[in-house]
Amino acid sequence: MENTWLEEVIEAMEEIGGYGDYRSLYEKIQERNKKDISNKKNWKSAVRAVIEKNSSDSHAFEHKKDIFYSVYGKGCGVWGLKNFEPSDNFVDITEDDISFPEGKLKLKTHIYRERNQKVIQIAKNKFKEKHGQLYCEACGFDFHKFYGKIGEDYIEGHHSIPVSELKEGDKTKPEDIVLLCSNCHKMVHRKRPWLKKEELKKLINKKQIIN
């Protein structure tokens, strides 16, 4: 029995990591080849309609199932699954992570949490409501100010609680997320255990004084 469009979009989105832009979603649906789209000129419109009708972040929301959310805000075309839980298939371990002292399982747990786009988006929203814009909490870098429109509302989310302190069943809270630019995010991962935001800020301030 062929999937409904809602089922197909959910499964395809899960396979691309729980969130993505329309292009990535279209490509995955074509790759899966589980829907007959050969004679359907408007199948991409059907995909967009399914997402918008099932998301409270859309003006077309039908107030029935609230399944999807807008990752970067309305109009950006990047959508995610609200209840998505990453699996081992979506974890990339870099060379910097090889010597991680807590073991591969805990490293993956940490990465899972950093890839939880829903909680990161909530943290971003709260930060923007308080400060009026998104910027790095360590160095103050503002992607929007530097890059213009393309950098609007962009920042990376880092889970601040060391994985060694996590307990089984712990849930990530928005308060656990630190918003960092790409450089600072990379630097907190260069030391084991991860550098805290305050420690990184001290390094940055020390460097500025020297210069």
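Laboratory data are not the source of any read-out in this text; all were calculated from the coordinates shown. This structure is a prediction, so every number in the text was calculated from the model and none was measured. When we count neighbours, we look across all protein chains shown, and the Cβ atoms used for this are built from the backbone with ideal geometry, even at glycine.
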### Summary
Label model pair K173, K128: point-to-point distance (7 angstrom along the Cα→beta-carbon line) in nm is 2.4
### Summary
log10 I(q)/I(0) for region 5-81, Debye formula on C-alpha points only (no solvent), q = 0.23, 0.25 Å⁻¹, two decimals, reads -1.06, -1.23
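Starting with the fewest neighbours, write out R48, R23 ranked by other beta-carbon atoms found within 10 Å of each beta-carbon. Numbers along the way, then the final one.
Working: R48 18, R23 10.
Ascending number of Cβ neighbours within 10 Å: R23, R48.
Could you calculate the contour length gain from E27 to N83, that is, 0.36 nm times the residue separation minus the distance between their Cα atoms, to one decimal place in nm? Can you show the working numbers first?
Numbers: separation 56, 0.36 × 56 = 20.16 nm, distance 2.22 nm.
Contour length minus Cα-Cα distance gives 17.9 nm.
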### Task
Mind sorting S56, S38, S45, S70 by how few other Cβ atoms lie within 10 Å of their own Cβ, fewest first?
S38, S45, S56, S70
### Message
Can you give me the long-range amide H partners of D153? Hydrogens built in the peptide plane at 1.01 Å from N, cutoff under 5 Å, separation of 5 or more residues or another chain.
### Response
L134, H144
## Note on the structure
With 0.36 nm assigned to each residue of separation and the Cα-Cα distance removed, D153 to H189 gains 10.7 nm
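Residue separation times 0.36 nm, minus the C-alpha to C-alpha distance between A46 and E199: what's the value? Mind showing how you got there, number by number?
Working: separation 153, 0.36 × 153 = 55.08 nm, distance 4.90 nm.
Gain on stretching A46 to E199: 50.2 nm.
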